[in-house]
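What follows is a short report on a single structure.
Rule-based calculations on the coordinates, nothing more; no lab input. These numbers come from a predicted model, not from an experiment. A quick note on method: Cβ atoms are made from the backbone with ideal geometry, for glycine too, and the neighbour counts reach across all protein chains shown.
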Amino acid sequence: MTENRCQGTILFFIVFAFVFIFGLSCGYCKDDTKNQEEIYSSLETLKANYFKNNQYDDFISRINQDFAKKNFEGWIAYYSGLALFEKLKYLEETQNWNSYFSEGERLRQEIVKYLEKSIKLSLPGERLYLMGQYLKWQYYKILEDPRAEELLPGLVLTAKAYAAEGSTPAHQNNEIIRNIASDLSASGHKAQAKELYGLYMQGVQEVT
């Protein structure tokens, strides 16, 4: 009788510990998701304020100052790469050829470096992972680099994985799926675009 009671007590504590630890881990996941959404929203706001005035270098300095100590290296890397990508396009559009040719090679190298870092520091199914792959594909596509076609299958698979999580709060805003589908359609990849449009519409219906 005493032995059975001891076994029951041990089993109770094992189950309790499992539930407690599992509950904590879920709480951390929720907190992490919340943090990811907050950092995304904050960076998008800053991006809009700086990019409208073509202040790309100032934007990079600002995000490194504001967010570098908050363990969001992946997000900083992505938005740094995005800022340099926009700067490179701006130099070309304004025909600032002196800066374009003197800085162009460095900017191209840093764009790829930052985007690869953002992908490395994120996970499939996360918004940041998809954003990094999408921008990397856009970058090579604009350059008419063959690597854009090589990246396309991975981008489509990543977009599908992201869309599959559409029922979670972090994925309810799936405009990025629509944007990718639109870009794919414009570049002649009609079948992949149609598939992603379908996933986008499915996500919209689930949210509404």
ask   = What aspartates and glutamates could a cross-link reach from LYS47, if we take a straight Cα to Cα line under 12 Å and drop same-chain neighbours fewer than 8 places away?
value = ASP57, ASP58, GLU86
ask   = Distance in nm between label sites at ASP57 and LYS194, each 7 Å beyond Cα in the beta-carbon direction?
value = 4.9 nm
message = Using a 7 Å offset from the Cα along the Cα-to-Cβ direction at both GLN202 and ASN96, what is the distance between the two label points in nm, to one decimal?
response = 4.5 nm
key: Integer Hz, Karplus 6.51/-1.76/1.60 couplings in order for region 139-148, x for Gly and Pro   = 4, 5, 5, 5, 6, 6, 8, x, 5, 4
